[in-house]
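Inspection log for the structure reproduced underneath, given as structure tokens.
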Amino acid sequence: MPHVEALIFASERPLPQMEMAELLGNVLDEPLETERISVCLEAVKEKYDTDYYPFELRETGGGYQFLTKKTYHQTVLQLNGDKYVKKLSASAMETLAIITYKQPITKSDIEYIRGVSSDYSIQKLLEKELIVITGRNEDAVGKPLLYATTKNFMDYLGVNSTDQLPKLKEIANTDVVEPTNGGDAQPEGGSNKRMLVDEQGSLKEE
């Protein structure tokens, strides 16, 4: 258990269970089963769930990480300021949502859904390491780049996988802009008709 605790404490990123087993196997000179790691993780989690500690063990971003408990967020924020706060504009959030539910997706398809140019939003999301280029669409003209979310994105939302996000049918009737051809997309901030998403994920005019 202390070895598992030390690895998680020293890691700058969420540490997957399989990686823990491999690292500890190197130290102990014997292969470790993931079940043994699971038992240790439960023990570490139980330890830090007590009121004595300001941290807790969370499964997030594809692994395990120590995070400050909500009670102490404002205290820690005074020390770090907004250094670690990722601020996203409404357009960037909209672009990120489309990539999340449609990944892997091309820029022209994003612009088709949004109805506006998404160059700036995509660039900002890449800089914040919330999305990544995963390859090219070999079947499309010009073989455009494909975008998808990263493990940092899951860590940012505090989820372990995109399967934990709400399904489209659970957020039906969300306002979105009318789709248009990617090449005809307006600059961000342009005027568009308002559309609604029905329970099947199809667009319809309000």
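Things to note:
- Pair list, Cβ < 7 Å and 6+ apart or interchain, from region 1-21 residues that are under 10 Å from residue 64 (Cα atoms) and part of a helix (DSSP H, G or I) to residues that are at pLDDT below 90 and hydroxyl-bearing (Ser, Thr, Tyr): 17/34
- Pair list, Cβ < 8 Å and 6+ apart or interchain, from region 24-40 residues that are within 15 Å of residue 8 (Cα to Cα) to residues that are part of a loop (DSSP other than H, G, I, E, B): 24/32; 40/1
- If you go through region 55-86 and pick out every residue that is at pLDDT 85 or above and in contact with a Phe, Trp or Tyr (Cβ under 8 Å, 6 or more places away or on another chain), you end up with 8.
- Of residues in region 22-61 being among the polar types (S, T, N, Q) and in a helix (DSSP H, G or I), the one farthest from the chain's Cα centre (by Cα): 26
- Matching residues, region 49-69, being within 15 Å of residue 1 (Cβ to Cβ) and in contact with a Pro (Cβ under 9 Å, 6 or more places away or on another chain): 64
The values are calculated or read from the model by the stated rules, or taken from the named source; none is laboratory data. Since the model is a prediction, treat every value here as computed from it, not as a measurement. Positions of Cβ are generated from backbone atoms using ideal geometry, with glycine treated the same way; all protein chains shown enter the neighbour counts.
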